Amino acid sequence: MNIVVCIKQVPDTTEIKINPTTGTLIREGVPSIINPDDKAGLELALSLKDSFNAHVTVITMGPPQAEDVLREAYAMGVDRAILLTDRKFAGADTLATSYALASALRKMEFDLLITGRQAIDGDTAQVGPQIAEHLDLPQVSYLEHLEFDGKNTFTVKRRIEDGYEMLQVDGPCVVTVLSGAYKPRYMSVRGIVEAFPKTVEVWGFEQIDVEEARLGLKGSPTRVHKAFSRGVKAPGQLYEVDATEAAGIILSKLKEKFII
Amino acid sequence: MDFSLTKTETLFLQMIRDFAEKEVKPLAAEVDEQERFPIETVKKMAPLGIMGIPIPVQYGGAGGNNMLYSMAVEELSAACATTGVIVSAHTSLCAVPILEYGNEEQKQKYLPKLASGEWLGAFGLTEPNAGTDASSQQTVAVESGDNYILNGTKIFITNSEYADVYIVLAMTDKSQGTRGITAFIVEKDYPGFSVGKKEKKLGIRGSATCELIMENCVVPKENMLGKLNKGFSLAMKTLDGGRIGIAAQALGIAQGAINETVKYVKERKQFGKPISAFQNTQFQLADLQTRIIASRLLVHQAAFKKDRGEPFSVEAAMAKLYASETAMEVTNKAIQFHGGYGYTRDYPVERMFRDAKITEIYEGTSEVQRMVIAGALLR
């Protein structure tokens, strides 16, 4: 079985600071990590490698320094790493990103394509599903658990707002994984020692079959109107009481503030 | 000269810090309080290769080096000094001497089990009357057919209750003094071998420190490590390497204590401001931090030289001397900054202070390190 995992290098913070004048992210001084949902997806792939001897390839699109997350993936145990990087890809929104990634993925054979649900820096949850659409593959988003029958069928538990769905899907298919679904393994010492001598394949515009107009900023219909930090809210009050008492407190508080 | 970490070292630090924070730190207070050997942590470290960092891949190790190993011991010790010494004694005092002095059969037999963490290793040199004067060995080994018969008692043996294999030093020719000592690889199941009394200690209370008792203990001849009557030099060179591990442990304790202190002095308010705002706090912290960084440079220098195959025993002695005395100084001041709270077990600096003391004693006291350093200087 061949598995490809798409990962993204993101700043390691849930409190991303935004430059108030330009509206862009301040990345200086913030360490970069593998996006948590993607890392759970990587663990899913590696657990299938452990059980079914799957061959695991990891791919990321980003600037040259995104190579760091590929080395980390090597240290965790993946077999092959590809860095999709080109100045022509820069400034891409989700559509242009998924177009470039899908074009790269067309050059590869896989039974299962894994992405994280969403990245902590953009929170769109669009790239995984868009890749599936570009490639015309079945997709299951919000994956919480996956069972493989050892042939070609995956049984997937999918988280939805008020419960979950159980689905069966045949490969090749795309799944997007939730960060809580799989606890990522630690890198092994041997994996770390051997990660840097390994080759990271670098693919650019020339290596994939794409239309330049659909790439990067030019190929991105999204326009950022404004980015801003939300003002700080006053700390709330916590009451640990039963439902009846809670309703009473809510009523009195709303009256107190003349809301009702 | 380059003081920056390599990419491999940077990635390794990311892993070992993450592991220490999530798997080791949460157990540290309990392991100390209950004097409990954290066997579950050893089982978690084993599959990651932490029990065999400097052992080559061909012998089942991680194929790393002493620099990575010293970083591992430092980071583990910053969270829990007990865990740090388990790795240090196992690696430096058991696996490494087998790698450096063992024949091919011994390496094939023991290193894969040790490096994978399936077996835990220990080292038996110290005796009731042979501490710093390690040459006064009373344990004897007498040749008998295909075996050596060992008789004697070792004390203060780290990892002993849980170890599967021990490097044991014994007199093979009493008339020759230090030139009559030989090293043996002893398995815990050999007839006549047993583990005795467990010590109740001031610090590193989770580490199992016991007696080894050999009563007509039968050790096959092929388990002689190194050459006959060359064990003293093997033991001394092994301890040179071990000192890098203990220096790293002391450094970790100091770093752990300063981390706790920095957090505390920013939070603790007296006279209407955080105590970090007082110049007394700032100046003392500056001195402690400088000592910690100097210790780390000494530890890295010793590890770097060992990795390059250069002589490193003076560097290791300096690293251990300075880092262990720094650990005492930093943990002592850390309690002072915490005031009454620091004297209680509600804050980890109390444990760190107790853990620090042993680093000035074992694998050569501070006095021994000074002898080594001065001996080289005045040669």
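Points to keep in mind about this one:
- Within the stretch B:168-287, strands (runs of 3 or more DSSP E) holding 1 or more residues that are β-branched (Val, Ile, Thr) and more than 19 Å from residue B:94 (Cβ to Cβ): B:209-220
- Applying a threshold of 7 Å to beta carbon distances and a minimum spacing of six or more residues, or different chains, the list of pairs starting in the stretch A:175-190 at a residue that is touching a residue at least 12 places away in the same chain (Cβ under 8 Å) and ending at one that is part of a loop (DSSP other than H, G, I, E, B) and surrounded by 21 or more Cβ atoms within 10 Å (Cβ to Cβ) reads A:176/A:117; A:177/A:117; A:178/A:117; A:188/B:49.
- Any hit, the stretch B:112-123, residues being part of a helix (DSSP H, G or I) and either on the phi > 0 side of the Ramachandran plot or buried (at least 24 other Cβ atoms within 10 Å of the Cβ) (or both): yes
- Taking every residue in the stretch B:201-221 that is among the acidic types (Asp, Glu) and pairing it with any residue that is not in a strand (DSSP E or B), at least 6 positions away or on another chain, the pairs with Cβ-Cβ distances below 7 Å are B:215/B:192.
- Filter result for the condition that a residue is small (Gly, Ala, Ser) and exposed (fewer than 15 other Cβ atoms within 10 Å of the Cβ), over B:177, B:131: B:177
- Residue check, residue B:277 buried (at least 23 other Cβ atoms within 10 Å of the Cβ) and either modelled with pLDDT of 95 or more or over 20 Å from the mean Cα position of the chain (by Cα) (or both): no
- Residue in the stretch A:208-218 that is under 30 Å from residue A:50 (Cα atoms) and surrounded by 18 or more Cβ atoms within 10 Å (Cβ to Cβ) present: no
- Verdict on residue B:54 being buried (at least 22 other Cβ atoms within 10 Å of the Cβ) and either within 12 Å of another protein chain (Cβ to nearest Cβ) or touching a strand residue (DSSP E or B) at 6+ places or on another chain (Cβ under 7 Å) (or both): yes
- Filtering A:235, A:197 for residues that are exposed (fewer than 11 other Cβ atoms within 10 Å of the Cβ) and within 14 Å of chain B (Cβ to nearest Cβ) leaves a single hit, A:197.
- Hits in the stretch A:55-93 - residues which are closer than 30 Å to residue A:152 by Cβ and surrounded by fewer than 20 Cβ atoms within 10 Å (Cβ to Cβ): A:55, A:77, A:79, A:80
- Criterion: within 14 Å of another protein chain (Cβ to nearest Cβ), of a type in the set (Ser, Thr, Tyr), within 30 Å of residue B:105 (Cβ to Cβ) and crowded, with 23+ Cβ neighbours inside 10 Å - qualifying residue of B:91, B:41: B:91
- Test: residue in the stretch A:40-53 that is farther than 17 Å from residue A:173 by Cβ and outside any helix (DSSP H, G or I): yes
Residues checked against (1) under 27 Å from residue B:199 (Cβ atoms); (2) within 9 Å of chain A (Cβ to nearest Cβ); (3) not in a helix (DSSP H, G or I):
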site	(1), (2), (3)
B:14	no, yes, no
B:23	yes, yes, no
B:31	yes, no, no
B:45	yes, no, no
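Conditions (1) at pLDDT below 95; (2) small (Gly, Ala, Ser); (3) in contact with a Pro (Cβ under 8 Å, 6 or more places away or on another chain), marked per residue:
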residue: B:6; (1), (2), (3): no, no, no
residue: B:10; (1), (2), (3): no, no, no
residue: B:63; (1), (2), (3): no, yes, yes
residue: B:69; (1), (2), (3): no, no, yes
residue: B:74; (1), (2), (3): no, no, no
residue: B:77; (1), (2), (3): no, yes, no
residue: B:83; (1), (2), (3): no, no, yes
residue: B:100; (1), (2), (3): no, no, no
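- Taken over the stretch B:339-371, the criterion of being surrounded by fewer than 23 Cβ atoms within 10 Å (Cβ to Cβ), in contact with a helix residue (DSSP H, G or I) (Cβ under 7 Å, 6 or more places away or on another chain) and not in a loop (DSSP other than H, G, I, E, B) is satisfied by B:343, B:350, B:357, B:360, B:366, B:370.
- Leading residue by the ranking (surrounded by the most Cβ atoms within 10 Å (Cβ to Cβ)) among those in the stretch A:161-194 that are within 14 Å of chain B (Cβ to nearest Cβ) and under 22 Å from the mean Cα position of the chain (by Cα): A:187
Table: residues versus (1) without any contact (Cβ under 8 Å) to a residue 24 or more places away in the chain; (2) within 21 Å of residue B:49 (Cβ to Cβ).
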residue	(1), (2)
A:50	yes, yes
A:56	no, yes
A:65	no, no
A:80	no, no
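The values are calculated or read from the model by the stated rules, or taken from the named source; none is laboratory data. Here the structure is a predicted model, which is why all the values come from computation and not from measurement. Note that we place each Cβ from the backbone using ideal geometry, even for glycine, and neighbour counts take in every protein chain shown.
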